[in-house]
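Contents: one structure, followed by commentary.
The values are calculated or read from the model by the stated rules, or taken from the named source; none is laboratory data. The model shown is predicted, which means the values in this text are computed figures rather than measured ones. No Cβ is skipped: glycine too gets one built from the backbone with ideal geometry, and neighbour counts run over all protein chains shown. Only protein heavy atoms, including side chains, enter the accessible area calculation; ligands, DNA and RNA are left aside. Shrake-Rupley method; radii C 1.70, N 1.55, O 1.52, S 1.80 Å.
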Amino acid sequence: MARSVVQTLLDDRFAPITSSIGYARLGLDDAVGALASWRRSIGQRSVSVEEIADRFPECLHRLEPLTGGVRPRELLVDASNGWTAYFDCSLRGTDAVSTIGYLTQAAGCIGLAVRTVPHTAGEAGLRHGRLGAVQFEMFGPFKTDFLNYIRTVHVSFDGSRWVFDAVGTPQDFEEIDSYQAPRVRDRFTSEMLERYCKALGLDVFNSDAYGPRAVLVRSQADVPRTGKVMTLHEVQRWLGIEPQMAAKPPG
């Protein structure tokens, strides 16, 4: 099957850090304060906050090394139109859901967790490859039928086939007719995700829409004995990530 083009931030140069990204409609300073307070309240030791001079995307290197089992480094970055973007040092990619789910309730705002992964499993010449996914998750300040999720739309490859799901309250900007497309992976694309986010004031795949300010939040945490600690380059080799592959034409 021909591979579809999938938009990713920076053409996956910093994947898996940027494969999943969190956003809170909250000013950077307020987001930093809420995150640091949360970390302290759950008993994490020596939580520190540092505004860093590195511009985006170079500031993403401050999350290295990437770690398994704990996330002692988290990065908050100015995004467009009053939003703040969230990244962390998790080995398999930013865990945006738990953090944004908390921040939106604590700060009384809306938030997003988005995910775009090109489907490269089975690609000729790749030893590993990844299972493709495009996901949009919207959170609010109040409890809903499931935690504080407002809406989830996603398409992903589950190891044997493509699956699509849409749960929660449909939003005015959604392209509902596309959810009936004959080919499952066409029901929700990275282009659709980009348009959904733009409707909310976020230009997710435009690197110029991030910064200039970035703040690193550090928490003292011990990596489990079985946890891995790796550089970004090592993780990319381990997971079979080939930067810029997502932007290549299909076929």
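Does segment 37-49 contain at least one residue that is open to solvent by 10 Å² or more (accessible area, probe 1.4 Å), small (Gly, Ala, Ser) and over 22 Å from Gln220 (Cα atoms)? No, segment 37-49 contains no residue that is open to solvent by 10 Å² or more (accessible area, probe 1.4 Å), small (Gly, Ala, Ser) and over 22 Å from Gln220 (Cα atoms).
Residue check: is Asp208 among the acidic types (Asp, Glu) and closer than 23 Å to Ser98 by Cα?
For Asp208, the condition - among the acidic types (Asp, Glu) and closer than 23 Å to Ser98 by Cα - is not met.
Within segment 148-161, if we keep just the residues that are without any contact (Cβ under 8 Å) to a residue 24 or more places away in the chain and not hydroxyl-bearing (Ser, Thr, Tyr), the residue that is most open to solvent (accessible area, probe 1.4 Å) turns out to be Arg161. Evaluating Phe56 against the criteria (1) part of a loop (DSSP other than H, G, I, E, B); (2) at pLDDT 95 or above; (3) surrounded by fewer than 20 Cβ atoms within 10 Å (Cβ to Cβ) leaves one unmet condition, (3).
Kindly check whether there is at least one residue in segment 149-159 that is more than 18 Å from the chain's Cα centre (by Cα), more than 30 Å from Ala34 (Cβ to Cβ) and modelled with pLDDT under 95.
Pass one, segment 149-159, residues more than 18 Å from the chain's Cα centre (by Cα): 158-159.
With the extra rule that they be more than 30 Å from Ala34 (Cβ to Cβ), the set shrinks to 158-159.
With the extra rule that they be modelled with pLDDT under 95, the set shrinks to 158-159.
Scanning segment 149-159, I find at least one residue that is more than 18 Å from the chain's Cα centre (by Cα), more than 30 Å from Ala34 (Cβ to Cβ) and modelled with pLDDT under 95, so the answer is yes.
Scanning segment 61-110 for residues that are surrounded by fewer than 21 Cβ atoms within 10 Å (Cβ to Cβ), in a helix (DSSP H, G or I) and in contact with a Pro (Cβ under 8 Å, 6 or more places away or on another chain) gives Gln105, Ala107. Residue pairs whose Cβ atoms lie under 7 Å apart, sitting 6 or more positions apart in sequence or on different chains, and linking a residue in segment 193-215 that is of a type in the set (Ser, Thr, Tyr) to a partner that is open to solvent by 10 Å² or more (accessible area, probe 1.4 Å), are Tyr196/Phe173; Tyr196/Glu174; Ser207/Leu10; Ser207/Phe56; Ser207/Pro57; Tyr210/Phe56; Tyr210/Asp78; Tyr210/Ala79. If you filter segment 201-242 down to residues that are surrounded by 16 or more Cβ atoms within 10 Å (Cβ to Cβ) and of a type in the set (Phe, Trp, Tyr), you find that the one that is farthest from Leu63 (Cα to Cα) is Phe205. Selection of strands (runs of 3 or more DSSP E) fully inside segment 135-251 by the criterion of at least 2 residues being of a type outside the set (A, V, I, L, M) and touching a helix residue (DSSP H, G or I) at 6+ places or on another chain (Cβ under 7 Å) returns 162-168.
Scan Pro141, Pro182 and give me the residue that is surrounded by 12 or more Cβ atoms within 10 Å (Cβ to Cβ) and either modelled with pLDDT under 95 or not hydrophobic (A, V, I, L, M, F, W, C) (or both).
Working: Pro182 fails: surrounded by 12 or more Cβ atoms within 10 Å (Cβ to Cβ).
Of the residues listed, the single one that is surrounded by 12 or more Cβ atoms within 10 Å (Cβ to Cβ) and either modelled with pLDDT under 95 or not hydrophobic (A, V, I, L, M, F, W, C) (or both) is Pro141.
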